[in-house]
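S.K.: My questions all concern the structure below.
The values are calculated or read from the model by the stated rules, or taken from the named source; none is laboratory data. Fair warning: this is a prediction, and the values are worked out from it, not measured in the lab. We place every Cβ from the backbone using ideal geometry, glycine too, and count neighbours over all the protein chains shown.
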Amino acid sequence: MKDIIIIGAGPAGLTAAIYALRAGKSVLILEAQSYGGQIINTPDIENYPGLKSVSGFDYATTLYEQATGFGAEIEYTSAVSIEDKGEIKTVHTDSGESFDARAVILATGAKNKHIGIDREEELTGRGISYCATCDGAFFKGKDVAVCGGGNTALSDALFLSAYCRTVYLIHRRDQFRGSDADVKKISDKENVKFVLNSTVEKLNGEQTLSSVTVKDKISGETKDIEVSALFVAIGQEPDNSSFENVAELDDKGYIDSPESCTTKTAGVFTAGDCRKKEVRQLTTAVADGAVAALAAVSYIS
Ligand code: NAP
């Protein structure tokens with residue numbers, strides 16, 4: 001029996017662990033994959049206050065070491081449901097094991113969105129990737145494409161431009177959602193080509209990706225761009241449906257929770273990108289982690 005179970009070892013979950021442990025509570029973190037969440041894939045973080053520049057991996061590793069250093073325990077398993085037994089919450093996992101706690105913090109983050117076109121699953125790992133930092137090095141000297149117009153797509157394009165021959169940045173509008181600072185940096189790169197007002201319609205190639213067919217939304221024309229890889233960076237979607245019995249979800253599946261990080265269930269809290277919010281940044285995720293942990297500590301006390 002722990003005081004608090006945290007579901008998710010991303011920045012929100014790890015921050016919640018640090019705050020809860022420093023308040024004298026015992027903490028178990030359940031993580032389905034590896035610690036760090038999405039930030040681990042970010043090549044360079046330049047907008048975290050107090051850190052001029054740090055890789056997502058280094059940041060996540062330091063945070064992980066900080067949390068485990070204070071005594072956080074981590075089980076690598078996927079939480080599949082929460083049973084509300086009043087003062088005790090039982091979290092069931094896909095391995096069949098169950099864990100009890102007085103409070104639970106849902107910090108499940110969000111997973112990468114797929115474009116939803118034919119052969120996307122089949123070619124994943126064969127040219128289609130959702131992580132430029134993980135897979136970019138396989139395409140050194142090659143022509144590649146990035147799809148998306150947010151901060152992830154911009155930072156992926158910038159990262160890939162350092163060692164790929166050409167990076168096509170395919171975006172469905174002519175305005176970027178990502179920061180002007182990164183748009184400016186990319187515009188200065190000679191090997192990044194903007195393919196704007198365009199969508200990826202078709203993935204071509206036998207065993208591996210050899211080209212993408214893009215459609216210009218204004219002219220309606222289509223063309224093939226020869227690339228060895230397509231990095232899909234079109235945002236994330238939440239995965240909270242297993243917890244609908246304890247937390248209200250909005251129409252997109254995010255946990256509908258106020259700034260207090262509480263949910264409809266006493267003793268269940270939420271933090272980070274899985275929560276309905278306007279701004280999903282590292283800073284807002286860690287802020288949530290602190291708020292949720294302190295609320296859970298207060299609830300237990
Ligand atoms: P995002 O901000 O939601 O951007 C997703 C992009 O993909 C948008 O440009 C969107 O186009 C496009 N898109 C969405 N669905 C699409 C589809 N089906 N087909 C084609 N294009 C599609 O996602 P993100 O870039 O992953 O960023 C997520 C959050 O993390 C953001 O809050 C971001 O600021 C943050 N982040 C921060 C940093 C950093 O601070 N260093 C780094 C990475 C991410 P529209 O613009 O037309 O909607």
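S.K.: Which of the residues belonging to segment 199-238 are of a type in the set (Asp, Glu), over 30 Å from Gly253 (Cα atoms) and touching a residue at least 12 places away in the same chain (Cβ under 8 Å)?
M.R.: Filtering segment 199-238 down to residues of a type in the set (Asp, Glu) leaves 201, 206, 216, 221, 224, 226, 237.
If we keep only those that are over 30 Å from Gly253 (Cα atoms) too, we end up with 206, 216, 221, 224, 226.
Scanning segment 199-238 gives Asp216, Asp224, Glu226.
S.K.: Being of a type in the set (D, E, K, R) and at pLDDT 95 or above narrows it down to one residue among Asp251, Asp239; which is it? Spell out how you get there, then give the answer.
M.R.: Details: Asp239 fails: at pLDDT 95 or above.
That would be Asp251, the only listed residue that is of a type in the set (D, E, K, R) and at pLDDT 95 or above.
S.K.: Filter segment 258-277 down to the residues that are at pLDDT 95 or above and closer than 24 Å to Thr152 by Cβ, then identify the one that is surrounded by the fewest Cβ atoms within 10 Å (Cβ to Cβ).
M.R.: Checking each candidate, the answer is Lys276.
S.K.: With more than 13 Å from the ligand (Cβ to nearest atom), under 21 Å from Cys261 (Cα atoms), touching a residue at least 24 places away in the same chain (Cβ under 8 Å) and touching a Pro at 6+ places or on another chain (Cβ under 9 Å) as the only criterion, which of Gly13, Gly36 stands out? Break it down into steps so the answer makes sense when it comes.
M.R.: Details: Gly13 fails: touching a Pro at 6+ places or on another chain (Cβ under 9 Å).
Every option except Gly36 fails the conditions.
S.K.: May I ask you to verify whether Lys202 is surrounded by fewer than 18 Cβ atoms within 10 Å (Cβ to Cβ), within 19 Å of Thr133 (Cβ to Cβ) and touching a Ser or Thr at 6+ places or on another chain (Cβ under 9 Å)?
M.R.: Working: surrounded by fewer than 18 Cβ atoms within 10 Å (Cβ to Cβ): yes; within 19 Å of Thr133 (Cβ to Cβ): no; touching a Ser or Thr at 6+ places or on another chain (Cβ under 9 Å): yes.
So Lys202 fails the test.
S.K.: Out of Leu106, Leu160, report the one residue that is under 16 Å from the mean Cα position of the chain (by Cα) and buried (at least 16 other Cβ atoms within 10 Å of the Cβ).
M.R.: Working: Leu160 fails: under 16 Å from the mean Cα position of the chain (by Cα).
Every option except Leu106 fails the conditions.
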